[in-house]
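Below is one structure, written out as structure tokens; the observations come after it.
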Amino acid sequence: MKSVLGLIFTYFFVCLVGTTAGALCYMLYKGCLLFVVGTPMNILSLSMFIQGIQLVLPIILLSSPLFLTLYRIRHSQNQTHLLITYIILVVLSWTVIFRLGICFLRSYSPRSYITVSLPSTGYFRSDKETVTYYSSYSQERPVTLSGIQVKLVGIQQYVNSVTPFEGEQVPQNDDKEFKESLIEPFLKMPVTLARVLMVFSVLCNTAYITYGEGLLQWCFFISIGLALSSVYGLVRMSSWKLLNAFFVIAVSSVICIINSMYYLSTRFSDGALRINAWLDSFIRVQVPSVVLINVCIGIICIALGVIFSLIQRNPE
């Protein structure tokens, strides 16, 4: 009973604390993205915090089967009770909490952020080829900037390397991630972390989109829940808990990557069309091929779980 209560506590702890911490991190990071040197820094924003919840909650719910499975690997006692509790929590998460959470978050539209597009004066800003220094800006409309620009290409010749300018239009940086180039080298996200977040971002956006397309499309999407939950079958893959944890994390990562690639790119489009055409000859409803992949992964992991349980119960 203690392990069962611990599993339930772990689930709600991960959902509540993970969502809150993730939303706070998003709010802080978003505030840094919009910060311009020389202006007041506004990192505490209810609107950005709620938008962080919109992004983080689906990620936490997607990851909850992984955390519960790792808890099961750590606690090997009361296996039957833990399995039943795990199934109840997973079904509750994917059929009720996930859908209600998205329903609530879709109803909230955060206000647009008021960004400062005018760079502050008195600082040197560099890019690949130039260093720009803004000394002043006009008080009239439209606002123009004055200062100097140093060319880094060919500067060894010391010919026309410094160019003063006046009445320059404000540079447009709406397409840039950071509004201030001075802090970008210090806060730019590592490539690996950015790719991981991109995978979850694709899945989260797909969750919001499929929710609005009807119950059938939502059921197709949550087939990923079957695949992610079925990795529970790998908890008894070996007697070494660390190896079991590694395979559980690896398989869960592969499942998320496959689904995100399916929704993001056309890399699987040809194969998806062939599989869907083959399925049309058996059923009237067109099922996306990613659903078939998730179901197959789920069946394989569950079958492996049964086999591993029988082997360890009857080692001879």
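Can you confirm whether Ser93 is over 15 Å from the mean Cα position of the chain (by Cα), under 30 Å from Leu242 (Cα atoms) and of a type outside the set (Phe, Trp, Tyr)?
Yes, satisfied.
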Discussion item. Against the condition in contact with a helix residue (DSSP H, G or I) (Cβ under 7 Å, 6 or more places away or on another chain), modelled with pLDDT of 85 or more and open to solvent by 20 Å² or more (accessible area, probe 1.4 Å), how does Gly18 come out, does it pass?
Written reply: yes
Worksheet entry | Residue list for segment 227-265, filter: among the aliphatic types (A, V, I, L, M), touching a residue at least 60 places away in the same chain (Cβ under 8 Å) and open to solvent by less than 50 Å² (accessible area, probe 1.4 Å) | Ala227, Leu228, Val231, Leu234, Val235, Ala245, Val248
Worksheet item: Just a yes or no: is a residue in segment 201-221 at pLDDT 85 or above, open to solvent by 30 Å² or more (accessible area, probe 1.4 Å) and farther than 21 Å from Thr95 by Cβ?
Response: yes
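The values are calculated or read from the model by the stated rules, or taken from the named source; none is laboratory data. Note that the structure is predicted; figures quoted are calculated from it, not measured. A quick note on method: Cβ atoms are made from the backbone with ideal geometry, for glycine too, and the neighbour counts reach across all protein chains shown. Remember, those area values only see protein heavy atoms, side chains included, never the ligands or the DNA or RNA. Shrake-Rupley method; radii C 1.70, N 1.55, O 1.52, S 1.80 Å.
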